[in-house]
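The values are calculated or read from the model by the stated rules, or taken from the named source; none is laboratory data. Keep in mind that what you see is a predicted model, and the values were worked out from it rather than measured. Don't worry about glycine lacking a Cβ; one is built from the backbone with ideal geometry, like all the others, and counts go over all protein chains shown. Each accessible area value is taken on the protein alone, full model and side chains, heavy atoms only, with ligands, DNA and RNA left out. Shrake-Rupley method; radii C 1.70, N 1.55, O 1.52, S 1.80 Å.
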Amino acid sequence: IAVGSDADLVLWDPAATGRISARTHHSRCDYNVYEGFETVGAPTRVWVRGELAASDGEFTGTVGRGRFVQRAPRPVSASLPRASRPAAPAARG
């Protein structure tokens, strides 16, 4: 945390338990591929750019305050753990 930084912070409860359900998510999608999975750990508070955006599972932020942050494209394999990345082609001698 530093002066001038975004101040995006999450307060995490590692002992919280729950169950994934599309009915309880804040989404326009009516299904979740993880429907019914049990979870351990959950955010209790989320701050975005210094403003409290979520508290105990409820949205508390300001609608429309989000902003798009453009990023350079990354190859899909860069997102995978190193052990799962495709092997580099063998060098030709």
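So how exposed is VAL33, as accessible area in Å² (1.4 Å probe, rounded to 10)?
The accessible area of VAL33 comes to roughly 110 Å².
Probe 1.4 Å, all protein chains in place: accessible area of ARG65 in Å², nearest 10?
Counting only protein heavy atoms, ARG65 exposes about 80 Å² to solvent.
What's the magnitude of the charge dipole for region 1-65 around its Cα centre, counting Lys and Arg as +1 and Asp and Glu as -1 at the beta-carbon? Answer in Debye, nearest 20. If you can, show how the numbers build up before the last one.
Values: 6 positive and 9 negative charges, 27 e Å.
Dipole of region 1-65, to the nearest 20 debye: 120 debye.
Extension gain SER21-ALA7, at 0.36 nm per residue separation less the Cα-Cα distance, in nm?
Numbers: separation 14, 0.36 × 14 = 5.04 nm, distance 2.93 nm.
Full extension from SER21 to ALA7 adds 2.1 nm.
Once you place label points 7 Å from the Cα toward the Cβ at PHE59 and ARG45, how far apart are they in nm?
So the label points at PHE59 and ARG45 sit 2.1 nm apart.
What FRET efficiency do you get for LEU52 and CYS29 if R0 is 41 Å and r is their Cβ-Cβ distance, rounded to the nearest 0.05?
For R0 = 41 Å, the calculated efficiency reads 0.95.
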